[in-house]
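The values are calculated or read from the model by the stated rules, or taken from the named source; none is laboratory data. The shown structure was predicted, so the numbers you read here are calculated from the model rather than taken from an experiment. When we count neighbours, we look across all protein chains shown, and the Cβ atoms used for this are built from the backbone with ideal geometry, even at glycine.
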Amino acid sequence: MHGVIETGKKGRRTDYLYRISLKALIRNEKDEVLVVKETNRDWWDLPGGGLDHGEEFEQGLARELKEEVNLAGNFTWHIIDTDEPKYLDEHGFYQIRLIFELIPQEMEFSAGDDGDEVAFMDPDIFKNSQKATERRIWEYSQHRVDIG
């Protein structure tokens, strides 16, 4: 199949040279952002995850947000940022993050199958976090795009 890389490592995904990670910035009426602690992690991040081979952005966002924060219903979206590709030694591949400003029709969220905790938080609390992933929440929150 075109675009598939066979690694020979059992349990390892084989569908990319670069893993594309989709992250959703969702704001509430107080300008807080939705964050999640994924299963077995002790840090906050924006909800989202890896785009599967052949999957469209909207499909990947809907699937990942259902898995982590029980997103239901339709949404509008716009790409607001990208991170430089980064090699992840522990996984053996490069990853690039695409950050989406996302406005869901339904604003009710709870921890999904892949999430332990879900909350709306003031992004300023992450500005000086010890964890780089949490600091990026603040950085992304500084972007403003009118997608309405």
Practice item. Please enumerate the residues belonging to the range 121-146 that are more than 15 Å from the chain's Cα centre (by Cα), of a type in the set (A, V, I, L, M, F, W, C) and at pLDDT 95 or above. Key: Met121, Ile125, Phe126
Check your understanding: Would the range 94-106 turn up any residue that is touching a Phe, Trp or Tyr at 6+ places or on another chain (Cβ under 8 Å), within 14 Å of Val36 (Cβ to Cβ) and of a type in the set (Val, Ile, Thr)?
Key -> no
Review point. Restricting the search to the range 90-116, which residues are closer than 18 Å to Arg41 by Cβ, out of contact with any Asp or Glu (no Cβ under 6 Å at 6 or more places or on another chain) and surrounded by fewer than 14 Cβ atoms within 10 Å (Cβ to Cβ)?
Key: Glu90, His91, Ser110
Review point. Going by the structure shown, is Leu98 at pLDDT 95 or above, outside any loop (DSSP other than H, G, I, E, B) and in contact with a helix residue (DSSP H, G or I) (Cβ under 9 Å, 6 or more places away or on another chain)?
Key: yes
Point to revise | Tyr16 being in a loop (DSSP other than H, G, I, E, B) and at pLDDT below 95 | key: yes
